[in-house]
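One structure below.
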Amino acid sequence: MKETIKKLYWKIKKIFGQIVILLLIGFALYWVGTHLNSLNEYVNMKWVKSIFIVCLILYFILFLNTISSFINSNLLHVYNAADSKNLSTLNKKRKYYWFKSLKQLSSSKKQKLYNKENISLRLEQYFQANKYIQISHNEATSIYEKDVPFYNFRLKKKKHRIFFIYKSLLNILIVDHLLTETESFIKQKTVNKPISQNIIIFITDMNNEEEILSAGTGIVNYLSAASTGYLYPIFIDTNYGHIFYPQDNSLMPWYKRISIKFKIIQIKKQLINTNINSTNLNHQQNKDSIVYSQEQDLTNKT
C-alpha cells in the first residue's frame with residue numbers, strides 16, 4: 001500500500017511538472033511569435049526564423065509525448081501472471097508483437113529465418129549499426145556500451161548500455177530476480193561510469209506460450225524510474241513473435257521516453273529483417289573488442 005501511494009505521488013508530481021513546463025514554454029513561444037514580425041532587423045536574419053521553427057517542432061513533439069503519457073497512464077492494466085484471462089488479454093495486444101504472423105509460418109520456414117541464432121544476429125547487427133561495443137560476453141550474457149555526447153556534474157562522459165541475455169527458460173520469478181540483480185549492478189557502477197540509458201534485452205526460444213506470457217507480465221508491469229537507473233527491460237520470444245516492454249514509462253524524463261519509443265520501433269523492424277551478414281558482424285565485433293581492450297589498457301596505465 002505504501003509503495004502504491006509513493007508511485008501515485010511521483011506520477012502526480014511528474015504530470016503537474018510537465019503541465020507547468022508545457023504552459024511556460026508555450027507562452028514563451030507565443031510571445032516570441034507575436035513580437036517577431038515587429039523586430040525587422042532580426043526577422044531578416046534567416047537563422048532566427050530557423051531557430052524559432054525548430055523550437056516549435058520540439059514543442060510539438062513534447063506536447064504529443066505528454067498527451068500520450070496521460071492517455072497511457074489512464075489505460076494501464078496490472079497483469080496477473082497467474083490469471084489466464086489476464087494472459088489472454090495480454091496475448092491480444094498487437095503492440096506486444098514484433099511479428100504477429102510468426103506462429104502461422106511453417107515450422108521449417110520459422111526455423112530457417114527466425115530461429116534464436118538468427119534473431120540474436122539481427123539484434124547484434126542493430127547494436128553494431130548504432131555504434132555499440134561489446135565489453136563483456138559469456139555463454140548467455142553480453143554487455144554493450146557506447147559513448148554519447150553528454151557529461152555528468154563531474155565532467156565524466158556518459159554512456160548508453162545494453163544488457164543482452166538469452167534464457168531457455170524464463171518465468172516471472174526469474175525475470176524479477178534478473179531485473180533486481182541488474183539494478184544492483186547499475187547502482188554499483190554509476191559512480192565510476194555514468195550511464196544515461198540502461199536497456200536489458202531478454203531473448204528466449206521457449207515453446208510454451210503461456211509461460212512466455214506469464215514471464216512477459218513481469219516486464220509489462222515493470223516501472224522504470226530514477227531509483228532503478230531508468231532500466232528499461234525488453235523481452236523477445238522467437239517462437240510466437242512477442243516483444244514485451246513496460247507499459248508505464250511516466251516516471252522517465254520526456255526525452256528518454258521519446259528515445260526509447262524510437263528504439264522499440266527500430267528493434268521491431270530489425271527483428272523482421274532477414275538480411276544477415278554474420279561474417280562482417282563477427283569481424284566487426286572482434287575489431288571492437290580489440291579497440292576497447294586497447295582503450296582500457298591505456299586508461300589503466302594513465
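Points worth noting:
- Here the label points at Ile25 and Lys256, each 7 Å from Cα along the C-beta direction, are separated by 1.7 nm in the simple model.
- The ranking of Met252, Met206 by Cβ neighbour count inside 10 Å, starting from the fewest, reads Met206, Met252.
- Phi to ³J(HN,Hα) by Karplus 6.51 cos²θ - 1.76 cosθ + 1.60 over segment 258-269, Hz, x for Gly, Pro: 5, 4, 6, 5, 5, 5, 4, 4, 5, 5, 4, 5
- Flagged links, alpha-carbon separation over 22 Å, of Lys95/Lys269; Lys100/Lys146; Lys49/Lys256: Lys100/Lys146; Lys49/Lys256
- A Förster radius of 22 Å, combined with the Cβ-Cβ distance separating Gln266 from Leu64, puts the computed FRET efficiency at roughly 0.70.
- By other beta-carbon atoms within 10 Å, ranking His137, His242 with the fewest at the front produces His137, His242.
- Extension gain for the segment Ser84 to Lys156, taken as residue separation times 0.36 nm less the Cα-Cα distance, is 21.1 nm to one decimal.
- Stretch gain in nm, segment Ile174-Gln188, where the contour uses 0.36 nm per residue and the Cα spacing is subtracted: 2.9 nm
- Ordered by the number of other Cβ atoms lying within 10 Å of each residue's own Cβ, fewest first, Trp254, Trp98, Trp31 fall into the sequence Trp31, Trp254, Trp98.
- For segment 116-153, applying the loop criterion from DSSP together with a ceiling of 13 other beta carbons within 10 Å to the trypsin sites (Lys or Arg not before Pro) yields Lys131.
Since every read-out is calculated from the coordinates, none of them should be taken as a lab result. Not measured: the values here are computed from a predicted model. As a convention, Cβ positions derive from the backbone with ideal geometry for all residues, glycine included, and neighbour counts pool all protein chains shown.
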